[in-house]
Each structure stands twice: as structure tokens, then as C-alpha cells.
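Contents: one structure, followed by commentary.
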Amino acid sequence: MKWQTVETKKGTRCRVLEGGSGAPLVFFHGAGGLLRDNPFLDQLARGHHVFAPEWPGYGESAGEELLEDMLDFTLHGWDLIEALGLEQPHLVGHSMGGMIAAEMACGAPHDLGRLVLVSPAGLWMDEHPIPDIFALLPYQIAEVLFHDPQQGQALLTGGADLSDMDALKDFYIGSQRRLAMAGKILFPIPNRRLSKRLYRLTAESLILWGASDRLIVPAYAERWKTLIPHARVEVVGDAGHMLPYEQPEKLVRAVTGFLQRTR
Amino acid sequence: MKFTWFNLMPWPYLPDDFRAQHRSVWVDIPNTLYDPRKGHHVYHEYLDQLEYAETLGFDGIGCNEHHQNGYGLMPSPNLIAATLARRTSRAALCVIGNSIASYNPPIRVAEEFGMLDVISGGRLVAGFPVGTPMDTNFCYGQIPALTRDKYREAHDLIMKAWASDEPFAFDGKYNQLRWVNCWPKPIQKPHPPIYIPGGGSIETWDFCLDYDYNYSYLSFFGYLRGKSLLDGYWERVAKRGKDESPYRAAFAQIICVADSDAEAERLYAEHCLYFFNRCLHVFPPFADPAGYRTMATIKYGALAQLTLARQKILENLTWKQLVDERFVIAGSPETVRQQLEECIKGLRIGHLFCLFHNGDMPDWKTRHSMKLFAEKVMPRLRDMWPEWKHDERWWMHPMDDRIRPEERQPGAEKVGAEWPR
């Protein structure tokens with residue numbers, strides 16, 4: 001897969017990881033951003049033309065000051081798709097990316113193919129409060145995000161040597177910038193009233209959840225199912241919130257199967 | 001020099017094992033540790049001390065705003081200032097300040113500060129902090145990356161409300177008000193002196209200089225560590241071509257005075273250690289949410305005050321460290337005078353916020369320390385800036401004919417002569 005940079009009409013400049021051929025599929029990453037290695041994207045690209053844009057404020061993508069609230073993020077998603085020249089792409093969103101993809105689909109329900117939400121943010125249940133990701137110590141992050149925190153920690157840092165002060169500083173600055181952006185739609189509670197709009201969804205939808213997700217527990221999958229009655233739910237074993245990275249094969253199998261299914 | 005007597009109002013009953021048992025004194029401190037019946041006595045003791053400071057000749061008495069915080073019992077500093085407004089008549093009321101990004105709508109601050117200025121006869125010094133991340137983001141739910149933008153809008157609204165003689169519409173990003181019409185407006189014109197408390201955000205310097213507001217560096221870590229930050233500020237002042245009046249800057253310093261250095265340790269050490277060990281025990285992520293500090297500030301390298309590294313320093317502090325590193329200026333009147341002179345000159349400050357009550361210090365010790373300071377130290381530091389002696393730009397301008405509670409007999413005036421008409 002290759003990086004390209006697109007500029008939206010609004011003026012954001014975003015890097016997009018692109019590869020493969022077939023029906024267009026746009027993957028929206030979560031609050032942590034794309035990691036160094038994203039094997040599930042390579043695998044998805046075997047059957048689809050995959051586009052994985054970075055949100056402004058992530059990596060080399062700029063223009064974060066132009067996006068302030070949920071509507072800005074949602075329209076930015078569609079602006080990107082227009083800038084990429086895509087028609088009716090499938091939308092696959094993970095965590096915060098799932099929240100944005102769902103908002104996009106509520107706003108323009110006939111402009112997408114199918115919708116896949118992987119452990120999406122965007123709902124809140126008082127009986128299952130989501131841990132405050134803005135108030136975690138560095139070592140707590142992997143514990144919350146991964147089924148296997150030890151392997152997860154290595155994935156998060158992408159092999160960078162954090163005992164090196166410069167590497168640590170770069171990692172810290174990047175992380176502050178990413179979460180500052182994510183906070184605009186996730187802080188202090190990751191709920192921007194999406195539940196009021198989900199009735200508008202018409203696209204066929206698949207909800208995927210990691211069985212040991214400790215950030216947004218699997219009970220939320222049922223809540224999504226209640227709000228999108230025509231959605232299918234699949235819970236994936238040996239996966240936490242970072243399901244795409246922990247179980248790429250299972251994710252790809254589920255997504256591919258769903259996208260190829262005839263109505 | 002102007003001296004303001006400042007009380008953070010710490011809760012003095014945090015248990016000995018507080019640090020081991022709880023992760024934070026702020027945000028998620030167990031509220032069962034607060035006992036309202038004891039709190040009744042604590043408030044009155046602290047308010048009495050603030051009033052006593054006026055009688056000792058302090059120029060100002062000060063309070064601030066913190067939420068869900070074991071070392072700050074003033075979620076509403078305006079309530080504290082309101083009681084002081086009625087019981088004092090000479091000292092400036094320094095409310096440092098209202099975290100205006102958290103007020104909805106912020107016109108409330110324009111109104112309440114207006115009330116305080118009017119009740120006190122023009123003695124208000126108005127502080128507008130961005131607010132700590134603990135208060136503004138974690139307790140009051142403001143989005144970190146938008147906090148500064150919202151702060152600036154709140155500031156613009158308040159200042160316009162004070163300046164305008166006509167109702168106006170305010171179409172802000174965070175506040176839409178069709179009829180802004182501040183009532184009552186402050187006595188001080190065009191507005192009370194404005195103080196901007198800053199931690200270490202470099203944007204704040206330019207903001208202060210754009211409007212000629214006072215920059216107040218409120219650190220608990222003393223003037224040796226504060227120096228690099230204030231040096232940065234003064235460099236910015238020079239670069240902007242502003243005059244170098246020391247009254248542009250204020251600094252907060254913990255001060256303990258006794259008859260001798262040894263006596264200071266004997267009287268005050270345990271209470272200062274209570275403050276540093278327990279009261280500043282903050283869960284580091286609460287102090288630095290992503291987006292609160294701008295990228296420019298992070299890259300400038302200014303450390304957030306209560307980060308992991310700082311917490312390490314606090315773990316095994318001793319009195320000797322506190323004094324050697326000047327977190328605390330403590331000792332005989334002469335020791336304190338010397339060190340404060342170094343502090344005042346080194347930082348080039350015209351305003352000193354003096355913290356005499358620290359941690360769980362009992363009333364008598366607090367009064368002993370502040371009285372010695374007022375009698376033996378303050379007079380000798382008064383004229384530190386002779387060339388700026390008449391610079392009153394950053395101080396209150398009260399009414400001459402204001403009501404003085406000590407001279408007043410309510411109900412004694414003749415009918416028809418109660419108010420100037």
C-alpha cells in the first residue's frame with residue numbers, strides 16, 4: 001500500500017494509505033491513529049480498493065484547527081471521499097472512526113455501500129461507564145485497549161525505543177496531538193447524541209466487537225443492535241478494543257464475508 | 001511593592017496515609033474525607049485570618065477557585081470575596097480568579113465581579129485564569145483542545161459587557177446572547193485591574209501584553225524554579241517594546257517567619273510538608289490532558305506543574321529541601337527578608353502573593369508568622385522599586401467615600417439622607 005496526500009475543499013491536508021483493487025472501501029482509524037504496521041489493511045486490499053485516511057492532527061495530516069465538533073468531523077469524512085473521487089464506498093470505522101462513520105451514514109444514508117463498525121465509540125450506557133482515556137497513565141493504556149496488553153504495548157509504540165529521550169519526546173508530542181484532536185468529540189464523555197440519529201441508517205450494517213474489550217465492553221454491541229435493528233453483530237474471541245490489530249485475520253474474514261454477501 | 005495575603009484554604013484533616021491510600025487530592029478525592037461540621041470551623045478560621053491580614057497592613061487579601069480539591073475549599077471564590085467585602089474596607093480583594101472558560105454564560109462573571117466591586121467600593125482585583133486542567137477539563141467537562149478558544153471568547157464577552165453602555169448582541173462560538181447588558185457594572189473604570197494567572201503557557205504572555213494585564217505566576221515551587229519562566233516573560237515584554245514596570249508581574253511564595261531559622265523549622269515544617277506531600281498529590285494524567293497545553297508550549301519545553309517528574313520530587317521531601325530549594329522561604333525575619341529580596345529582584349515582580357497558612361497549620365502559628373512578617377519584614381521590602389513608586393496601573397482604585405464597616409452605625413442616618421441622590 002502507498003501513501004498519498006489529498007486536500008479537501010475545506011483546506012485540510014490528509015495522508016491516505018491506499019492499495020488494492022475492487023470495490024472502494026474506506027477505513028477510518030480510531031483515537032490512537034494508524035499504527036506503524038496495519039496488516040488488516042493489506043489483507044483487506046486483496047479484495048477491495050482500500051483507502052485509509054488519517055484524521056487531521058494525526059501523523060503528517062494537518063488542518064486540525066478546522067475541525068471542532070461532531071458535524072465538522074462528519075462533513076470532513078464526506079469531503080475526503082469527494083476529494084478521493086469515490087462513489088458509494090463501503091465505510092469501515094474502528095472506535096472513534098466507527099463513531100464518525102456512523103454519523104456520516106446517518107447524515108447521508110444513501111451515499112455509501114455497506115457499513116462496518118468495529119468496537120465503535122459514540123454511545124454511553126450509565127451501567128457500563130467507559131474508562132476515561134484522557135486520564136490514563138502510559139502503562140495503563142495497553143491494559144485497557146488489548147486482550148493481551150504485553151503484545152499490545154509493543155504494537156502501540158511500533159518498535160520505537162522509548163528509553164531514548166528524543167524518541168520518547170516525539171512519541172509524547174504525537175500522542176498529545178492525536179488525543180487533543182480526538183478529545184473534540186470524545187471528551188469528557190464520548191457521546192455526541194448519535195443515538196438520536198441512528199434511525200436514519202439504511203445501509204446494511206455489521207457490528208464487530210472484541211470479546212475482551214475493556215474500554216467499550218461488549219454490552220455496547222447489544223445497544224447498537226437495539227438502535228440499528230437490521231445490523232448483524234459478531235463478537236470476536238481473543239480480542240480487546242484493538243480488535244483489528246489483535247485479530248486481523250478474523251476481522252478480515254468477517255468483513256469480507258459481510259461485504260460479499262448478497263442481500 | 002504590594003503584598004497580598006493569600007489563602008488557598010486547604011482541608012486540614014487529610015489522613016497521614018493519604019498519599020498511600022489515594023491516587024489524587026484533586027478530581028476524584030473521596031468526598032467522605034470532607035466533614036461539613038468541621039468545615040464550618042475551618043471556613044471561619046480562614047476568613048478571620050484574611051480579615052486579620054488587612055489589620056496588619058497587607059495591601060490585598062486573596063482567594064482563588066478550585067474544584068473537587070483537597071487543598072482548595074473555594075469552588076466559588078466570589079462567595080469568599082463577598083463575605084470579605086462586607087468585613088473589610090482597605091485591602092484590595094484579589095480574586096485570582098474565576099476560571100471563565102467554565103462559566104455558562106460567562107456574563108455571570110461580569111455580573112458577580114461587578115457586584116463585588118460595587119459592594120467593596122471599588123476594591124476588586126479581577127483574575128481570569130484559563131483554569132487548571134483538573135478544574136476546567138476533568139471537573140467541569142470543558143474540552144481540552146477548545147478550552148483556550150472558549151476562554152478567549154469569555155474574556156471578550158466580559159470585557160465588552162463592562163465597556164458597553166448599551167445592550168448588545170453577542171454571537172459567539174460558545175455563547176450566543178441576544179441581550180448583553182451588564183448590571184451592575186463595576187465602579188472601577190474602564191474596569192478593575194485584570195490579573196492573568198499562568199502556569200507555564202507561553203501564549204499567556206502575549207495575551208497579557210496585548211491588553212496590559214498583570215501576569216501572575218502561581219507556582220508552589222519557589223522563585224529559583226520560577227526564574228526561567230519569568231525570564232521568558234520579561235524577554236517577551238522587552239521584545240514587545242513594553243515598559244518594564246515590575247507591577248506587570250506577580251508571584252506566589254510560601255513564607256514562614258519565626259524568631260529564628262531553627263524556630264521556623266520547629267513551628268512550621270510539619271505543616272509545609274503536609275502541604276507538599278498530601279495536598280499536591282495529584283494523579284499525573286489529570287494535570288496534562290492532551291489538548292490543554294498548546295503544541296507551541298509543549299515544544300517550548302515548559303513542564304506542566306504536576307507531572308510525573310514533579311510527583312517524584314514530592315515523594316520524599318524534607319524540610320531542608322523545601323528551604324534549600326526555596327519552595328518555602330522560612331526563617332528569622334532577616335533570613336526571610338534577604339531571600340525575598342532575592343526573589344523580588346530576581347523575578348522582577350511588584351506583587352507578591354504571600355502564602356502564610358500552609359497545609360494543616362493551626363491558626364496561632366499562622367497569625368504568629370504573618371504578624372512577624374508584617375512588622376519586621378514587609379516594611380523593609382516596601383521600597384524595592386522606587387522608580388516605579390507611582391505606578392498604580394495594576395492596582396485597585398477604590399472610591400474615597402466608600403463605606404467603612406468600622407465607622408458605620410447602620411440605621412443611624414436621618415430619614416432621607418441615606419443615599420447620595
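The table below lists the values:
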quantity: Test: residue in region A:143-150 that is touching a strand residue (DSSP E or B) at 6+ places or on another chain (Cβ under 7 Å) and either without any contact (Cβ under 8 Å) to a residue 40 or more places away in the chain or over 30 Å from A:Pro109 (Cβ atoms) (or both); calculated: yes
quantity: Residue in region B:11-26 that is touching a strand residue (DSSP E or B) at 6+ places or on another chain (Cβ under 8 Å) and open to solvent by less than 30 Å² (accessible area, probe 1.4 Å) present; calculated: yes
quantity: Those residues of region B:253-273 which are of a type outside the set (Val, Ile, Thr) and crowded, with 24+ Cβ neighbours inside 10 Å, in sequence order; calculated: B:Gln253, B:Cys256, B:Ala264, B:Tyr268, B:Cys272
quantity: B:Tyr52 vs. criteria closer than 25 Å to B:Gly131 by Cα, open to solvent by 10 Å² or more (accessible area, probe 1.4 Å), assigned to a helix (DSSP H, G or I) and out of contact with any strand residue (DSSP E or B) (no Cβ under 7 Å at 6 or more places or on another chain); calculated: no
quantity: So B:Pro284, is it within 14 Å of chain A (Cβ to nearest Cβ), surrounded by 23 or more Cβ atoms within 10 Å (Cβ to Cβ) and not small (Gly, Ala, Ser); calculated: no
quantity: Some residue of region A:197-211 being of a type in the set (Lys, Arg), in a helix (DSSP H, G or I), more than 14 Å from chain B (Cβ to nearest Cβ) and surrounded by fewer than 15 Cβ atoms within 10 Å (Cβ to Cβ); calculated: yes
quantity: Residue satisfying all of: in region B:316-329; in contact (Cβ under 8 Å) with a residue 60 or more places away in the chain and open to solvent by 10 Å² or more (accessible area, probe 1.4 Å); farthest from the chain's Cα centre (by Cα) among these; calculated: B:Glu325
quantity: Single unsatisfied condition, A:Val217 versus (1) part of a loop (DSSP other than H, G, I, E, B); (2) among the β-branched types (Val, Ile, Thr); (3) within 14 Å of chain B (Cβ to nearest Cβ); calculated: (3)
quantity: Test: residue in region A:157-173 that is in a helix (DSSP H, G or I), in contact (Cβ under 8 Å) with a residue 60 or more places away in the chain and open to solvent by 60 Å² or more (accessible area, probe 1.4 Å); calculated: no
quantity: Hits in region B:119-135 - residues which are touching a strand residue (DSSP E or B) at 6+ places or on another chain (Cβ under 9 Å) and either open to solvent by 10 Å² or more (accessible area, probe 1.4 Å) or within 14 Å of chain A (Cβ to nearest Cβ) (or both); calculated: B:Pro129, B:Val130, B:Thr132, B:Met134, B:Asp135
quantity: From the options A:Ser95, A:Ser175, residue that is of a type in the set (Gly, Ala, Ser) and more than 13 Å from chain B (Cβ to nearest Cβ); calculated: A:Ser95
quantity: Failed condition for B:Phe221, given (1) more than 14 Å from chain A (Cβ to nearest Cβ); (2) within 18 Å of B:Val130 (Cβ to Cβ); (3) in contact (Cβ under 8 Å) with a residue 40 or more places away in the chain; (4) not basic (Lys, Arg); calculated: (2)
quantity: Some residue of region B:68-90 being touching a strand residue (DSSP E or B) at 6+ places or on another chain (Cβ under 6 Å), part of a helix (DSSP H, G or I), within 29 Å of A:Ala135 (Cα to Cα) and free of Cβ contacts under 8 Å to residues at least 40 places away in the same chain; calculated: yes
quantity: Single residue of region A:138-156 satisfying the filter (modelled with pLDDT under 90 and within 14 Å of chain B (Cβ to nearest Cβ)) that is least open to solvent (accessible area, probe 1.4 Å); calculated: A:Pro138
quantity: Residues located in region A:32-55, provided they are touching a residue at least 60 places away in the same chain (Cβ under 8 Å), crowded, with 24+ Cβ neighbours inside 10 Å and closer than 18 Å to A:Ser175 by Cα; calculated: A:Trp55
quantity: Residue count, region A:119-137 (criterion: within 16 Å of the chain's Cα centre (by Cα) and either without any contact (Cβ under 8 Å) to a residue 60 or more places away in the chain or open to solvent by 20 Å² or more (accessible area, probe 1.4 Å) (or both)); calculated: 1
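The values are calculated or read from the model by the stated rules, or taken from the named source; none is laboratory data. Predicted model, so just to flag it, every value in this text is computed and none were measured. Positions of Cβ are backbone-derived with ideal geometry, glycine not excepted, and every protein chain shown enters the neighbour counts. These accessible areas exclude ligands, DNA and RNA; they are computed on the full protein's heavy atoms, side chains included. Shrake-Rupley method; radii C 1.70, N 1.55, O 1.52, S 1.80 Å.
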